[in-house]
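Structure record follows, encoded as C-alpha cells.
No lab work stands behind these numbers, since they all come straight from the coordinates. It should be emphasised that the depicted structure is a prediction, and the values quoted were computed from it without experimental measurement. Here the Cβ positions follow ideal geometry from the backbone for every residue, glycine too, while neighbour counts run over all protein chains shown.
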C-alpha cells in the first residue's frame, strides 16, 4: 500500500456551496435588449424527451452499437438501458477498492475504439479509502448484459486523503492510445507543477495500460512516464477534434477561472501559478494571469460555470454545429457552444438553460445526431434533445 500524502487542514468551503453562475465575455448574445427574451428565442427550437429518472447522480454515458445505453452513477452502479431509457439491468461492476464519498465514486465510461471486435469497456473511478485514495482505471469484457473479467490497468500515484478533484475523463486518440485526466486532489494544488507524481496531470497509456514509448517525458528520469501534460486543477472534459487533429479539455477553476484549453503533449497549463480565479475564501491564489512557458486558456469563465464534460459535435441533427465544442456545466446549468479553429476559440451560444438543470455530461446518438444530457441530481435524468 502506498503511503498517503500529508493532509493539509481543509481551508476551503465546499465547491457546490460557493460556485456562482456566469457567462463568458465572448458570448455573442447582445448586451442591449432583454436577456430572458433572447434566451427564450434561443431555446425555442428544441424538443426535450426524458428517457429516465431513476439514476442517482449519473456521471457518464456510452451508447452501445445496438443503441442501448450504459450510464454510470457516482454511487457505483452501471445502468443498462434500452434506447428509450427503459431499465434492462442495474449492473454493479466489481471494481477493485471502489471508494464512494463526496466527489469520489464511479466516473467515466468509454467503449473500446474497436468495440465490435474488442468488446472492452473502460471505467474510471476513485479507489482506496478516506485516508488513502486516488483515481483508478479498469476495463472489463461486456457480454451483452454484464461486465466480466474486470482488470485494473492504471492507478494514479500517490494515494492521498480527502474525496475531491479526481478528474476521471477518458478519451481515445487516433493512434489507439488512451488519455485519462487526473485532478490535483484539492488540498495538494502545488503538486500540479511536479512531474514526480500524477496529481494535476493528464496521462497517456496504451489500451492495455502500458506506457507508450513516445510519451513526452519518457526520457526524463525525474518524471513519471505516463504523464502527457501537467499544471491542471480538475479536468472533467476531454475530446479529440478530428478536423483540427487536436485535443481540447474543459477544466474547473476555483472561484472563477474555468477554462477550455488546447491540450499539447508535454505542456504546462499553469495551475496554480496562473489562473483567472480566486480562492473560495476570496484570497488571491496568484497575481499572474500568464507567465512565460505556461499555456493559457482558449476560453475562460469568471464567475464559474463548473464545466463538467466536453464533446466535439459530429452529427446530422444539428448540422450547423459540426465541429463545435459542446461544454456542459453544473453551476451554470447550461451547455456552452464553443467554435474553434487553428488559432482560437469563442463561445458563440448558450443552450438548454430553460431546463434549469445541473448538466453533468453530454453525448451524441451516433445514429441520429440527437443529444443526450445527463442531469446531476439525486433523481438524475437522461434528456434527449432534438430539433422541433
Convex hull (Cα only) mean projected area of the range 107-255, reported in nm² to one decimal | 9.8
Cβ-Cβ FRET estimate between residue 316 and residue 117, R0 fixed at 25 Å, reported to 0.05 | 0.45
Send over the semi-axes of the range 23-387's equivalent ellipsoid, whole angstrom and largest first, taken as the square roots of 5 times the C-alpha gyration tensor eigenvalues.
-> 28, 27, 19
Distance from the Cα centre of the range 57-76 to that of the range 105-168, in angstrom?
-> 13
Per DSSP H run of n ≥ 4, the term is -39500 (n - 2.57); total these for the chain, divide by its residue number, and report the mean residue ellipticity at 222 nm rounded to 500 deg cm²/dmol.
-> -1000 deg cm²/dmol
Obtain the radius of gyration and the Kirkwood radius of the range 66-169 from its C-alpha atoms and give Rg over Rh.
-> 0.99
